[in-house]
Each structure stands twice: as structure tokens, then as C-alpha cells.
Amino acid sequence: MKYQRRPNLPFDTIRQMVKEADEKYHDSVAYRYKLSKTEIKDVTFGEFKNQCEALGAALCELGYGNTHVACYCENRYEWILSYFTVIMSEGAFVPLDKDLPSEDFKDLFNNSDSKVIFVGKKNLEKLLEVKDKMPLLEKIICFDLDEDQDGVLSFSKLLKHGESLDKTQYNSLQSDLHSLKLLVYTSGTTGVAKGVMLSESNMVNLVYHGLNVAHIYDSGLSILPYTHSYAAVVDILVAFRYGASLAINDQLKAVVNNLKLFKPDYMMIVPAVAELFYTAVNNNVKKQGKEKAFKILIKVSRALRKMGIDLRRKLFSSVYEAFGGNLRQLVCGGAPIRPEIGKFFDDIGIPLTAGYGITECSPLVCVNPMGATNYKSAGKKLGCVEWRIDQPNEEGIGEICVKGKTVMLGYYKNPEKTAEVIKDGWFYTGDYGMITEDDELIITGRKKNLIVLSNGKNIYPEEMENILMSIDEITEIVVRGIKNEHGEEIALSAEVFMEQPIDKEALRTKIDEALKDLPAYKQIKDVIIRTEPFPKTSSRKIKR
């Protein structure tokens, strides 16, 4: 059956989006999640709207129709329900990373000025450890309690109570479209977390213009941490606006099983997950001793496609089954992907759509259209933004600057940091890149990762890291500058983690071979082998 893209119409508010989804897709499934290993719970768009109104009415009765509300738990249906309920109120939603230690969580909660918090049972104990150090906290609502206990409210009981309440007050709540609606704390690879303030206008424009540039299919599997704007806005809100059914992945280690259980059409992922899938498929091929046959199939498939014959789903049927049997799109954001990974997924018939975004831009800046095969490109910008390159060098590379309707309001209670990155309406992303003649963006690396050698040469370590990740034995890698006694960076080192280690000399030979076409100043002088993986953020980025 040929895929039919649904019309994408403008809208002004999240409340309007929910109302229209109820009218269009009332009896269609909005969310799916596991009640047990074998039992799946389906929630329709109509049921979801009713539950939002019930929870909203209950919060209004408690006096919290216009306040900051935090959420501190793992991905789950109740997280999404609380999120929609709060962003349709006059308040703001504050997602906090479930893996934050209690002290760090406490600091961010206090900074956010939240008065209410939703929490799962897994994080309740960590919350109670620091409750006395959270002076603004007035109400704790736990998703996993059947009854109120010890000052903690039961979510299910509160929701049930809300069903019997008049919904008029909640449904009449209306925020300024340009006021704070979603407060997302960055979990960057360096530095202290900052609270990124996103408005309802930011989110609505991201959803509408994002669907104008790219598209999704009818059912997705949601695996990204909801505390990140990529998940909260691009994954959750875009799917809802489109009327897609979104299955909720309960834990990262369950992804393979959940692919087979929910059989999604698409997934939104980050490059680290793309790397895992790529490695898993290739390792399985090697394990079966079918490397040569697999490469021949790819060559045959490419030749047939040039003649207009696409047999990828038949030739690589075993791979499709491993991904649930229906997967036909991977949407990858958060960082550039290695071109060979994009090419690999295209070869086997699961196109990987790459884009570029940053939390401060709600988060999407640009994305490739379906079918694009230039995997060095991050795609074309959304229709609601402008972009330019600040102080480009002779190659046209400089800092990427963005202006438009998806750029954040600023950093919460931090005007100094805001002023550092927003100048004359332009947001300075801290990322380096170039804009092509076709008005597409090429990302070269992070500004804070830039290595400036004493000879004046600029090195983007991500370039070498992407090349060296093609070495089978390398699992993770960070390229850094080597400093002399004067603090000048004079050469490059590579720190490497290998799940299946080889000796240093053999690795050294492979590194030299991989980089042989690069100039001398981009060669690796020293190799350091780690015995443990690098520490990472919750979005699986290495903490540099």
C-alpha cells in the first residue's frame, strides 16, 4: 500500500492541537505501553484528551493551574499525560533527568521555582532524601501509589477525582504564547546545566514547520529520554499532531524486544543508537559467517535500484524482522552521523533521515527530506528560521547562528549567559559548520571542542573521530590536543575504548591507515587505551 501523507495545517496552541486531534482521530490509538511482558495498554486520542482535562481540573482544585510543575521519573505514559496537562494550563513544565543524583536534582528543582512534582516510585526515595532542602515544594504526586501516604499524593486517585470535577476552569486557562512553557535543563557534555526557556510559540512553530520539511509514518516507537527537547517536542508533539500512534519504550535494554512487540514504522534516535544498530547488524552477519554474501546482496541491490527495481525488503528480510518487520524510517538528530552509517541503512532499505538541532532552538534547526542521500548534510532549515555563518574562514566554516520563531526565550534566571549567546536576535549555537550553495548545512564540530594547534591550524576532532569509528575494534573515541610545556597544543592524541581489545601497535597501524589521506597536522601522535567506557550524558553523548 502506498504511503499517503496527511495534510499539515497551521495551529496556534497546544490546546488547539489536542482538540483537533480528538476531532480527527478520536477513536485511533495515540499511545501504547506495556502493562506486563505480554499485556499492552492502548489509549485513544479521545481518552487522552479526557484524562488531560481530568488531571487539569484536579490540579486547578489544588490551586496549581498557574505554576511550575516538575517531573522526575523514567519514560512512561503518565509522564506524557502530565506534560500535556501542564503545558495546556497557565503553568510551565519542568522535566528533570531521572538519573540525576538527589543533590543535583534538588539544586535544579530549587532553581526552577517549581511547587509541584510528579515522580515515579523508582525516584521517590531520592526525592524524599532532599525534600527538607526544597523550600518551595508543596505537593508530591507519585505515579505508583494507589492511595495517598505520608504526604505523597496518589496520581491514580487524583486522576480519578478529577474525572468528577467540572472542567470549565481548566479548559479556560490560556497563557501568553511567548511566555515560559517548557523549562529544559541542558545536560551538555561540559559545563553546568542551564535552564532553557521554551515558549508555546516555540513549540507550535517547531511542530508545524518541522512537518513541512520532513514527515513521519503512522506508528512510532519512542525511546529517547523525555527530559530532552528532542523527545518532548520533536518525538512526542510531532507524533501527536500527525495523529501517529506512539509506543512507549520502557527501558533502553528492552528496545529490541519492543521493536518486535510494537512493530513500529519509524523511530527517532540519536547517533549513538544508530551506531549500536549498525554494529549489531554487522556483528550478527559476521557471527553467521555471511559477510561476503551480505556485501554481494548490497551490490546487487544497488544495481537493481539503478534500474528502478527495489528489492531491499526481500533481500534483507531477516534484518527487517529483527527491527519488527515494519520499520521504514529512522530519524536521527542530536549530532552528525557518520556518512557510512547513513549509506548502510539506505542500502538495506531503512532510510535514515538526518537533521541538526540544539535545545535552545526547540530543538530542530534543519532536517533532510525523505530520500536524501547526502549524509554529510544536516539538511534544509525550517521555514520559520534564518541562519548564517559567523566569521567564516577560507573554507566557509564558522559558528552557526540562528534567528527565528523556534529560538528560546533565554536561560532561566541567567541573563548574563543569555546575553552571551543571543546577540541582536541571533542565537550563537556554539557549533561550527558551513552552508552550501544549495542552502544546506554541513556540521563540522563543536566550538568548545575545537583544537587550535600552535601552527595556527584548526582541528575539528569530530572529523577524525568519525573516520576512526570505521575501525571495527573501536567502540568509543575522543581526540584531544597534546600540549607542550607552554600550554600550546602541538599534536593530537586519541583515547580509545574497545569492547574487544587488540594490542596497541595493531591499533596504531589501523589508525594510521584510516587517516592516511589527511594532512600531517591531522595525524594522531599518541594513542591511549581505556579499560572502561567513557562517562556519558543521558542522551548517550560522551562527556568530554
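The values are calculated or read from the model by the stated rules, or taken from the named source; none is laboratory data. Here the structure is a predicted model, which means the values were calculated and not measured. Reconstructed Cβ throughout: ideal geometry from the backbone, glycine too, with neighbour counts over all protein chains shown. Ligands, DNA and RNA are excluded from the accessible area calculation, which covers all protein heavy atoms including side chains. Shrake-Rupley method; radii C 1.70, N 1.55, O 1.52, S 1.80 Å.
For the structure I just gave you, tell me whether GLY334 is farther than 30 Å from THR418 by Cβ and in a loop (DSSP other than H, G, I, E, B).
Spelling it out, it is not the case that GLY334 is farther than 30 Å from THR418 by Cβ and in a loop (DSSP other than H, G, I, E, B).
Looking only at region 485-510, which residues are part of a helix (DSSP H, G or I) and of a type outside the set (Gly, Ala, Ser)?
Hits for region 485-510 are LYS504, GLU505, LEU507, ARG508, THR509, LYS510.
Residues of region 105-115 being in contact (Cβ under 8 Å) with a residue 24 or more places away in the chain and open to solvent by 10 Å² or more (accessible area, probe 1.4 Å), which ones?
LYS106, LEU108, ASN110, ASN111, ASP113, LYS115, listed by residue number.
Residues are listed down the side, and each one gets a yes or a no for (1) outside any helix (DSSP H, G or I); (2) surrounded by 19 or more Cβ atoms within 10 Å (Cβ to Cβ); (3) in contact (Cβ under 8 Å) with a residue 40 or more places away in the chain:
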position	(1), (2), (3)
LYS286	no, no, no
GLY289	yes, no, no
VAL300	no, no, no
VAL319	no, yes, no
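When only residues in region 431-460 that are open to solvent by 20 Å² or more (accessible area, probe 1.4 Å), in a strand (DSSP E or B) and not aliphatic (A, V, I, L, M) count, which is nearest to LYS525 (Cα to Cα)?
Restricting to residues being open to solvent by 20 Å² or more (accessible area, probe 1.4 Å), in a strand (DSSP E or B) and not aliphatic (A, V, I, L, M), the top hit is ASN458.
Which of the following residues is over 24 Å from the mean Cα position of the chain (by Cα), closer than 23 Å to PRO95 by Cβ and either open to solvent by less than 40 Å² (accessible area, probe 1.4 Å) or not basic (Lys, Arg) (or both): ALA54, ALA70?
ALA54
For region 212-235, name all the residues that are surrounded by 24 or more Cβ atoms within 10 Å (Cβ to Cβ), of a type in the set (A, V, I, L, M) and not in a loop (DSSP other than H, G, I, E, B).
If the condition is that a residue be surrounded by 24 or more Cβ atoms within 10 Å (Cβ to Cβ), of a type in the set (A, V, I, L, M) and not in a loop (DSSP other than H, G, I, E, B), then LEU221, ALA232, VAL233, VAL234 are the ones that fit.
I need a count of the residues in region 404-430 that are within 30 Å of ASP107 (Cβ to Cβ) and in a loop (DSSP other than H, G, I, E, B).
Summing the residues that are within 30 Å of ASP107 (Cβ to Cβ) and in a loop (DSSP other than H, G, I, E, B) in region 404-430 gives 7.
Give the residues of region 161-178 that are in contact (Cβ under 8 Å) with a residue 40 or more places away in the chain and either in contact with a Phe, Trp or Tyr (Cβ under 8 Å, 6 or more places away or on another chain) or open to solvent by 30 Å² or more (accessible area, probe 1.4 Å) (or both), sorted by residue number.
HIS161, GLU163, LEU165, ASP166, LYS167, GLN169, ASN171, GLN174, LEU177, HIS178
Which residues, counting only those in region 75-99, are open to solvent by 30 Å² or more (accessible area, probe 1.4 Å) and outside any helix (DSSP H, G or I)?
ARG76, GLU90, ASP97, LYS98, ASP99
Quick check: is even one residue across region 461-484 part of a strand (DSSP E or B), touching a Cys at 6+ places or on another chain (Cβ under 8 Å), surrounded by 17 or more Cβ atoms within 10 Å (Cβ to Cβ) and among the aliphatic types (A, V, I, L, M)?
So far as region 461-484 goes, no, none of its residues is part of a strand (DSSP E or B), touching a Cys at 6+ places or on another chain (Cβ under 8 Å), surrounded by 17 or more Cβ atoms within 10 Å (Cβ to Cβ) and among the aliphatic types (A, V, I, L, M).
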